[in-house]
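Accompanying notes for the structure given below.
The values are calculated or read from the model by the stated rules, or taken from the named source; none is laboratory data. Keep in mind it's a predicted model, so treat the numbers as computed, not measured. Here the Cβ is made from the backbone with ideal geometry for all residues, glycine too, and neighbour counts use every protein chain on show.
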Amino acid sequence: MKKVCLLFLLIVSTTLTFPFLLAQNSDMEGCKDYPLFNRMPNYHIVDCQNVEFDSRKFPVGPPLEEQKPKVVEVEGKLIFLQYQLNEGATPASGLQIMRNFENAAKRAGGTVQGTYPNWCTAYVEYDSRLGNTCTNWGVSMKFVTSEKEVWAYMQVLGESGYGIQIIEREKMKQDIVVNAAELQKGLAETGHIAVYDILFDTGKSEIKPESDAALKEIAGMMKQNPSLKLHVVGHTDNVGDLAMNMKLSQARAAAVVAALTAKQGVAANRLNAFGAGPYAPVASNATDEGKAKNRRVELVQQ
């Protein structure tokens with residue numbers, strides 16, 4: 001009888017404890033792994049965040065003087081994931097986690113931007129859920145595909161967890177487009193104005209559909225000013241061959257002229273297409289941000 005009672009108590013105890021452990025080791029509702037990375041064994045997600053558009057700083061290269069590394073600020077869709085060790089499981093070492101992410105990045109065709117075996121996130125002044133703390137293990141990674149650029153930073157958080165900060169680099173969805181009045185004002189003040197809302201795929205001259213609003217505003221301005229004539233000037237950054245960039249900038253300018261005449265009803269004799277290539281930068285081509293400013297279409301009053 002005593003053995004039966006003990007067996008009964010063991011069964012009841014296990015029945016009550018097992019669901020509790022399952023709940024403790026379950027992912028936070030609504031959270032899931034990022035497609036590029038599977039999780040370390042015996043870890044579950046305890047926190048996650050998805051923001052349509054934000055910016056974060058990522059360390060690159062070795063730490064410099066006073067342990068402050070060079071950083072790259074990246075804008076785009078933000079994803080954050082925090083993992084916690086399952087109850088009763090043996091933790092992976094910080095080195096093991098860091099090496100796993102390094103190897104995973106390389107296998108996925110990414111590049112390791114820097115590893116930080118003894119380092120503080122405070123040195124980069126993070127504004128993120130990784131916090132401004134010291135850590136023993138971290139790795140910064142970059143992935144480039146035909147569709148997007150992804151930056152990721154993995155940080156070991158104490159002895160029982162780690163976090164991943166990810167930015168999918170992209171242009172912000174432009175909700176505000178320069179209107180006809182602003183275009184006219186810019187031309188009146190300086191004789192030219194840059195239009196960044198006319199978009200193209202990399203290396204191509206076909207205008208993307210999301211450019212329609214900007215083209216309508218240009219056409220509207222010209223209809224309000226019947227005597228106005230414009231040079232439509234294409235500009236590029238300095239990436240690639242000079243001859244290629246000259247040809248591309250001319251083709252993009254010509255595509256804008258064609259869209260304004262064929263789709264918006266602007267007379268062809270009021271527009272002239274010209275390609276300036278990389279010859280008139282408005283920012284340094286040493287940074288991605290500068291390159292983005294240099295890739296533009298400008299309207300120049302004839």
Subject >> Residue list for the stretch 33-76, restricted to those being within 21 Å of A104 (Cβ to Cβ), at pLDDT below 90 and basic (K, R) >> reply: R56
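Here's the yes/no breakdown for (1) crowded, with 22+ Cβ neighbours inside 10 Å; (2) assigned by TED's automatic domain parsing to the domain that holds R296; (3) in contact (Cβ under 8 Å) with a residue 40 or more places away in the chain:
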position	(1), (2), (3)
L215	no, yes, yes
Q224	no, yes, yes
G234	yes, yes, yes
M246	no, yes, no
Q250	no, yes, no
A253	yes, yes, yes
Subject >> Options V51, V46, V71: the member that is surrounded by fewer than 14 Cβ atoms within 10 Å (Cβ to Cβ) and assigned to a strand (DSSP E or B) >> reply: V51
